[in-house]
Amino acid sequence: MSQRNPMNERYTSDDRRGTTRKSAASAKPKSKAASSVTVVPGGKKPKTKEQIKAERREEDRKRREFNNRYYKPDTLRYKRLRIAWLVCLVLAIGCCALAFMGQDFLSGPAGVVVLVLTYVFLIAAFVIDLWPVRKERNAYQERMRQVELKREKAERAAAQQSQQKKGTAKKGSGKNQNRHAAQKAAPAAEEAPASDETPAKPARRGLFGSGFRLSNREKMQAEKKAAKEAKAAAKKESAE
């Protein structure tokens, strides 16, 4: 690698000549800070394709179970429609069998009429099953869906109430429990009948307090005095 001459006019003169060539990196467009960062609302991770497919399969399974559970409405209109559908279907089958089996004794126009009636009854059965019956079934399923939603809401409300009761029971332990017990005992004490005996007055405390030693000494003195009085009484009785 060749070394530049420090005595070159470019480096010795105050007036610099020429300019430095910009790098290729400066020609690239500058991107804003954090432009490639995607912000997901709620701080949740985006779901993968497998998770989305699994959720769809679970929803389809629940929908099929619900439809199978409430497939037959218990309304009178649905029962009548099913009877009409069954009658049309039986008549269509009977006319079809008559058209094919009675070709020997039925004339040409009569056979055509029977065949036309076959198609008429078959189309009528198809239309009854496609529109009125399906409409009645959808209305019944929607009504039962509302009933199940109300039931789930009631169950959730009952669960929340039970949890709140458990929380209040836990909070009521300790000092609060003792306070509640004292509050319950207060009215019981007020209702109790007052006794005829006068309550004993507490002994007065001396100037320096009634300590343990002082009370024992007073008891001993009282016992000695009582013993002396008993002896004196016994002597008097013996002297008499």
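The values are calculated or read from the model by the stated rules, or taken from the named source; none is laboratory data. This structure is a prediction, so every number in the text was calculated from the model and none was measured. Using ideal geometry, Cβ is built from the backbone for each residue, glycine included, and neighbour counts are taken over all protein chains shown. All accessible areas refer to the heavy atoms of the entire protein, side chains included, with ligands and DNA or RNA removed. Shrake-Rupley method; radii C 1.70, N 1.55, O 1.52, S 1.80 Å.
General remarks:
- Wholly enclosed helices (runs of 4 or more DSSP H) of segment 1-119 bearing at least 2 residues within 59 Å of the chain's Cα centre (by Cα) and at pLDDT 65 or above: 49-69, 76-101
- Cβ pairs under 9 Å, 6+ apart, first in segment 106-128 and more than 21 Å from residue 86 (Cβ to Cβ) and in contact (Cβ under 8 Å) with a residue 12 or more places away in the chain, second open to solvent by 80 Å² or more (accessible area, probe 1.4 Å) and not in a helix (DSSP H, G or I): 111/103
- Number of residues in segment 130-141 that are in a helix (DSSP H, G or I) and open to solvent by 60 Å² or more (accessible area, probe 1.4 Å): the value is 3.
- Pick from segment 142-164, criterion of a type outside the set (A, V, I, L, M) and either touching a residue at least 60 places away in the same chain (Cβ under 8 Å) or within 20 Å of residue 65 (Cα to Cα) (or both), ranking: least open to solvent (accessible area, probe 1.4 Å): 148
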